[in-house]
Amino acid sequence: MSIRIEEKEKLFSLETAHTLYQMKADETGVLLHTWYGAKTDTDMSYRIRTVNRGFCGNPYEMQNRFDYSLDTLPQEYSTDGVGDFRPSAVQVSLENGSRSVDWRYAGYRLLKGKEKPEGMPGLRGNAETEGIEIRLEDSAGGLQAFLTYWLFEAQDVIVRSARIENRGTGTVRLKKAASVCVDFPYGKKEVIHFHGRHAMERMPERIAVPRGGRLAFESRRGMSSHQSNPFIILCDPDTTERQGNCWGFMLMYSGNHLEEVCEDQTGNVRVISGIHPEGFEWQLEPQESFRTPEAILSFSAEGMNALSRNYHRIIREEVIAPRWRNAKKPVLINSWEATYFDFNAEKLLRLARSAKELGMEMLVLDDGWFGRRDDDTTSLGDWVCNEAKLGCSLKELTEKIHEIGLRFGLWFEPEMISPESDLYRKHPDWAFTDPDRLPMIARRQLVLDMGRKEVQDYLFETISGVLKSARIEYVKWDFNRSIANCWSHALPEDRQGEAAHRFMLGTYSLLERLTEAFPEVMIEGCSGGGGRFDAGMLYYCPQIWCSDDTDAIERIEIQRGTSYGYPVCTMGSHVSACPNHQTFRTVPLETRGIVAQSGTFGYELNPEKLTDAEKETVKAQIRDFHRFESLIEGGDYYRLETEEDYTAWMSVSPEKDEALLSVAAIRVRANGLFPFVKLQGLDPEKTYCREDTGEKMTGAALMCGGVSFQQMMGDFPCTQVYLRAWNNE
Ligand code: DGJ
C-alpha cells in the first residue's frame with residue numbers, strides 16, 4: 001500500500017518507489033509537513049522541536065505554550081494573517097474585510113483512479129492511480145481547502161494541487177492560491193532555477209537560499225516565459241549530477257507563475273509554487289471553488305541526473321498524449337529560415353523536392369501563408385489562405401507536396417490578433433486592451449481575450465476549416481508576445497483579476513477541442529522559440545520548439561538546461577544554415593547534425609543551397625538519426641561532466657545494451673587537453689564494444705575510468721561514439 005494512514009496519530013505517509021512524503025495533523029489540528037525525502041517507516045515528526053523564539057505569537061488555544069507558534073512550525077499549506085509571518089500559500093479578502101486564513105485539519109478521503117482536472121492539463125494517470133485528498137477548514141472565514149496528492153510510484157513523483165471552496169455566505173476574493181507549499185525544517189539548501197531571455201532560454205543558475213531571505217522566480221508576462229521556467233530544483237549544498245538530495249517542483253501551467261523559496265529564522269526552507277498572485281483575484285461566491293494547476297514533485301537521493309530522469313519518465317508516460325508517446329516523429333524541413341515570408345507555391349515545391357531527395361519527411365509551412373501577410377505587421381486572426389501569394393489553394397499545394405512524398409505541416413498563431421486584420425476591424429473588443437489607454441504593441445500585434453467563448457469558437461471553426469480543407473498532418477502553434485493590458489471587455493470591472501487565468505483556461509480549452517477533433521494532427525508548441533516550454537503545453541503538444549536560437553553551440557547550452565526538467569523527445573531542434581542567422585557563427589554541418597539529433601530532429605535551411613558534399617552529409621545524418629532514434633528519444637539521458645573546453649551528454653537504452661555518447665568542443669586550443677569523459681548509466685558488469693575503434697571495455701571501466709579521444713581540432717568539432725553490449729559468443 002503506497003498510502004499509509006495512522007488514524008490515531010493522524011499521520012499520512014505517501015510512498016513512491018524510493019521516496020516518502022509525510023504529514024501529520026497535530027493536537028490543534030495544524031497540518032504539519034514532517035518529511036519529503038528518502039524512504040523511512042518512521043513518524044518523522046520527531047524532528048520537529050519547538051522553543052520560544054521570541055516575537056512568535058501563539059494560536060489562541062495554545063496561548064500558554066510560548067514555544068508553539070505557526071511562525072516556526074513546518075506546515076503543509078501555510079496560513080495567512082494569523083501568526084505565520086512567512087510567505088503564505090493562500091491570500092484572501094473576505095466580505096467583512098478580513099484577510100486572514102487559519103487552516104485546521106478537517107478530514108481526508110482516499111482517491112483511486114486519476115483523471116485530469118476539468119478544463120486544465122494534468123497528469124493522465126489511470127484507474128489504478130492512488131491518491132489522497134486532505135481537507136482543511138478555516139471555520140471563521142467559511143473556507144475549505146482540499147489538498148490533493150496523486151502518487152506515481154514508479155517515477156517517484158507526487159502530484160499536488162489544491163481546491164479552495166467558499167462554504168460561507170458572503171463573497172470571497174481569492175488573491176493567492178498556491179498549488180504547492182512544502183517546508184523543509186533544518187538544513188541549508190540551494191536552489192537551481194532556469195532563467196533566460198528570447199533566444200537564450202532555460203539557463204540554469206544555482207544559488208544558496210539566503211539566511212532569513214526570500215528568492216522569487218516568476219513570470220508576469222501571461223506566459224510561462226523565456227525569462228523564468230516554472231520549474232525549480234532545491235538541493236543540499238553537496239548535491240551534484242551524480243549524488244545527493246534534490247527535490248523538483250514543476251508547475252503544470254503556461255501562464256503567470258511564482259516560485260518562492262525562503263529561509264526563516266529557524267533555518268526552515270519553504271517552497272511555494274503556483275499561479276502568480278500579482279494581478280490575480282478570483283471572486284468566489286458561496287459554494288464556488290477554485291482549482292489550482294497541478295504541480296509535479298519529485299525527489300532523488302542520487303543527484304540531479306536521476307531527478308531529471310524522473311521528470312523525463314513522468315512527462316513521457318503521463319503528460320504526453322498516448323497517441324504520440326512512442327510515435328516516430330517525421331524528420332521535417334521548416335520553411336522559416338529557408339524563406340521567411342518570401343515564398344510562393346513554386347518555391348515551396350522546389351524546397352520540398354530537394355528536401356525529399358535528402359530523406360526529409362515533412363514540409364512545415366511557417367508564418368506568412370494567410371490573410372495579406374508578407375511581413376509581421378498584419379493579418380493574425382485572418383486564418384484564410386492567401387491564394388494570390390501562393391498561386392494556388394492550400395489543397396492544391398498540399399496535394400503536390402504529398403505527391404512529392406512529404407507530409408505537410410502548417411503554422412498558426414491562434415491567440416493573437418493584428419490590429420491590421422479583418423478580424424480586428426470586426427471585433428476590436430476581442431483583443432485585451434485597457435479602457436481609455438493606448439495598448440502596448442509587440443511585433444505589431446495584440447492578444448486575443450481567450451477567456452471569451454466566442455473567441456474560442458471562432459478560432460475552433462476557422463482552424464478546423466483550414467485543417468479540413470487540405471491534408472495537414474502537423475500544426476506549429478506559435479505565441480509571439482507577452483501579454484500586457486490584460487483587460488477583458490467581457491468581464492465586469494471587479495473581475496478583471498480573473499482575465500489572465502481565464503486566458504490560459506481558454507487556450508487550454510481550444511487545444512483540448514482541436515486535439516479531440518483532429519487526433520491525428522500533431523501540434524508542436526512554440527512561443528518565439530521556447531517561451532512556453534512547460535508541462536501544461538506538453539499535455540497538448542508532444543514537442544515544443546526549443547529556441548529561436550538555432551546556432552548549434554548555443555543550442556548545446558539551451559538543450560542542456562532544458563534537459564533538467566524535460567525529455568529530449570520534447571525538444572524541437574533543427575539543423576540550420578551557416579553562417580547562423582542569429583549569431584552569424586559558422587559551425588560544421590556534422591556538429592549541427594549531432595546537436596539537432598539530441599532533440600526532435602529536423603532542418604531549417606534551403607537544401608538547394610547545399611554543396612554536393614553537404615547533401616551527402618545530410619543524407620547520412622538522417623540515416624543516423626533513424627538508426628539511433630529510439631535510443632535517443634526513448635533512452636535514459638545523462639548530462640556528463642567534462643573538462644571546461646568540452647561538453648558531453650549521452651543516452652542509454654533502458655536495457656543498458658546500447659549507448660550513444662556525444663562530445664562537443666566548445667573551445668579548441670593549440671595545445672589542448674584530450675577530451676575525457678566518464679560515462680554513466682551503463683551496466684558495470686557488461687562489456688561494451690566501441691563502434692569507432694572496436695575497443696572493448698566493461699561498463700565499470702567506462703564509468704570509472706571514462707572514454708578518451710584524440711584532441712579535436714578546427715572550429716567547434718563534435719564527435720559521437722556508439723557503444724553496444726558485446727557478447728563473447
Ligand atoms: C517565432 C518562431 O519561434 C519561429 O520559428 C517562426 O515560426 C516565427 N515565429 C514566425 O513568425
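The values are calculated or read from the model by the stated rules, or taken from the named source; none is laboratory data. All figures in this text were calculated on a predicted structure; none of them were measured in a lab. When we count neighbours, we look across all protein chains shown, and the Cβ atoms used for this are built from the backbone with ideal geometry, even at glycine.
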May I ask you to list pairs of residues, at least six apart or on different chains, whose Cβ atoms are under 8 Å apart, with the first in the range 333-353 being at positive phi and touching a residue at least 12 places away in the same chain (Cβ under 8 Å) and the second being assigned to a helix (DSSP H, G or I) and within 13 Å of the ligand (Cβ to nearest atom)? none
Tally time: how many residues in the range 43-71 are part of a loop (DSSP other than H, G, I, E, B) and more than 20 Å from Tyr21 (Cα to Cα)? 19
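Let me confirm something: among Pro117, Pro121, which residue is crowded, with 22+ Cβ neighbours inside 10 Å, part of a loop (DSSP other than H, G, I, E, B), under 35 Å from the mean Cα position of the chain (by Cα) and not hydroxyl-bearing (Ser, Thr, Tyr)?
Numbers: Pro117 fails: crowded, with 22+ Cβ neighbours inside 10 Å.
On inspection, the qualifying residue turns out to be Pro121.
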Got at least one residue in the range 268-285 being among the small types (Gly, Ala, Ser) and more than 23 Å from the chain's Cα centre (by Cα)? no
Would you call Leu297 within 16 Å of the ligand (Cβ to nearest atom) and buried (at least 24 other Cβ atoms within 10 Å of the Cβ)? no
Pairs needed: first member in the range 212-229, farther than 24 Å from Asn485 by Cβ; second member anywhere, in a loop (DSSP other than H, G, I, E, B); C-beta distance under 8 Å; at least 6 residues apart or different chains. Gly212/Asp264; Gly212/Gln265; Arg214/Pro87; Leu215/Val209; Asn229/Phe533; Asn229/Asp534; Asn229/Gly565
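I'd like to check which strands (runs of 3 or more DSSP E) are fully inside the range 656-729 and have at least 2 residues that are touching a helix residue (DSSP H, G or I) at 6+ places or on another chain (Cβ under 7 Å) and either over 16 Å from Arg639 (Cα atoms) or not aromatic (Phe, Trp, Tyr) (or both). First the steps, then the outcome.
Working: elements: 658-665, 687-690, 696-698, 718-725.
Per the criteria, 658-665, 718-725.
Given the criterion of a type outside the set (Gly, Ala, Ser), closer than 30 Å to Arg220 by Cβ and not assigned by TED's automatic domain parsing to the domain that holds Met203, identify the matching residue among Thr611, Thr591, Thr617, Thr570.
On the way: Thr611 fails: closer than 30 Å to Arg220 by Cβ; Thr591 fails: closer than 30 Å to Arg220 by Cβ; Thr617 fails: closer than 30 Å to Arg220 by Cβ.
After ruling out the rest, the residue left standing is Thr570.
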Would you check if Pro59 is modelled with pLDDT of 95 or more and touching a strand residue (DSSP E or B) at 6+ places or on another chain (Cβ under 8 Å)? no
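Any chance the range 459-473 includes a residue that's among the acidic types (Asp, Glu) and crowded, with 22+ Cβ neighbours inside 10 Å? Explain how you work it out, then say what you get.
Residues of the range 459-473 that are among the acidic types (Asp, Glu), as a first pass: 461, 473.
Add one more test, that the residue is crowded, with 22+ Cβ neighbours inside 10 Å, and what stays is none.
No.
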Set Gly213, Gly244, Gly255: member being more than 21 Å from Gln559 (Cβ to Cβ) and at pLDDT below 95: Gly213
From the list Asn480, Asn485, pick out the single residue that is over 25 Å from Trp545 (Cβ atoms) and in a loop (DSSP other than H, G, I, E, B). Asn485
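Could you say which residue among Thr79, Thr42, Thr72 is of a type in the set (Ser, Thr, Tyr) and without any contact (Cβ under 8 Å) to a residue 12 or more places away in the chain? Reasoning before the result, please.
On the way: Thr79 fails: without any contact (Cβ under 8 Å) to a residue 12 or more places away in the chain; Thr72 fails: without any contact (Cβ under 8 Å) to a residue 12 or more places away in the chain.
Only one candidate passes the filter, namely Thr42.
Of everything in the range 574-589 that's hydroxyl-bearing (Ser, Thr, Tyr) and under 18 Å from Ile666 (Cβ atoms), which residue is surrounded by the most Cβ atoms within 10 Å (Cβ to Cβ)? Can you show your working first?
First pass over the range 574-589, keeping only residues hydroxyl-bearing (Ser, Thr, Tyr): 576, 583, 586.
Next, from what is left, pick out any that are under 18 Å from Ile666 (Cβ atoms): 583, 586.
Details: Thr583: 16, Thr586: 14.
Selected residue: Thr583.
Does Leu136 satisfy being touching a residue at least 40 places away in the same chain (Cβ under 8 Å), part of a strand (DSSP E or B), in contact with a strand residue (DSSP E or B) (Cβ under 9 Å, 6 or more places away or on another chain) and buried (at least 22 other Cβ atoms within 10 Å of the Cβ)? Talk me through it step by step, then tell me what you get.
Numbers: touching a residue at least 40 places away in the same chain (Cβ under 8 Å): yes; part of a strand (DSSP E or B): yes; in contact with a strand residue (DSSP E or B) (Cβ under 9 Å, 6 or more places away or on another chain): yes; buried (at least 22 other Cβ atoms within 10 Å of the Cβ): yes.
Considered against the rule, which asks whether it is touching a residue at least 40 places away in the same chain (Cβ under 8 Å), part of a strand (DSSP E or B), in contact with a strand residue (DSSP E or B) (Cβ under 9 Å, 6 or more places away or on another chain) and buried (at least 22 other Cβ atoms within 10 Å of the Cβ), Leu136 comes out as yes.
Give the range 475-485 a look and list any residue that's buried (at least 22 other Cβ atoms within 10 Å of the Cβ) and either in the same structural domain as Gln283 (by TED's automatic domain parsing) or away from the ligand (no atom under 16 Å from the Cβ) (or both), or say none.
Within the range 475-485, the first condition is being buried (at least 22 other Cβ atoms within 10 Å of the Cβ), and the residues that meet it are 475-479, 481, 483.
Ile483 - this is the single residue of the range 475-485 that is buried (at least 22 other Cβ atoms within 10 Å of the Cβ) and either in the same structural domain as Gln283 (by TED's automatic domain parsing) or away from the ligand (no atom under 16 Å from the Cβ) (or both).
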Set Arg49, Arg53: member being at pLDDT below 95, under 28 Å from Asp138 (Cβ atoms) and surrounded by fewer than 21 Cβ atoms within 10 Å (Cβ to Cβ): Arg49
Near pairs, Cβ below 8 angstrom, 6+ apart or cross-chain, from the range 502-521 (in contact (Cβ under 8 Å) with a residue 24 or more places away in the chain and within 12 Å of Lys453 (Cα to Cα)) to any residue that is hydrophobic (A, V, I, L, M, F, W, C) and in a helix (DSSP H, G or I): Gly506/Val455; Leu510/Leu459; Leu510/Phe460
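Which of the residues spanning the range 77-111 are of a type in the set (Asp, Glu), part of a loop (DSSP other than H, G, I, E, B) and buried (at least 17 other Cβ atoms within 10 Å of the Cβ)?
Pass one, the range 77-111, residues of a type in the set (Asp, Glu): 80, 84, 95, 102.
From the residues that got through so far, the ones that are part of a loop (DSSP other than H, G, I, E, B) too are 84, 95, 102.
Result: Asp84, Asp102.
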For the range 421-441, give me the residue count where each residue is within 16 Å of Ala500 (Cβ to Cβ) and either without any contact (Cβ under 8 Å) to a residue 12 or more places away in the chain or surrounded by fewer than 19 Cβ atoms within 10 Å (Cβ to Cβ) (or both). 3
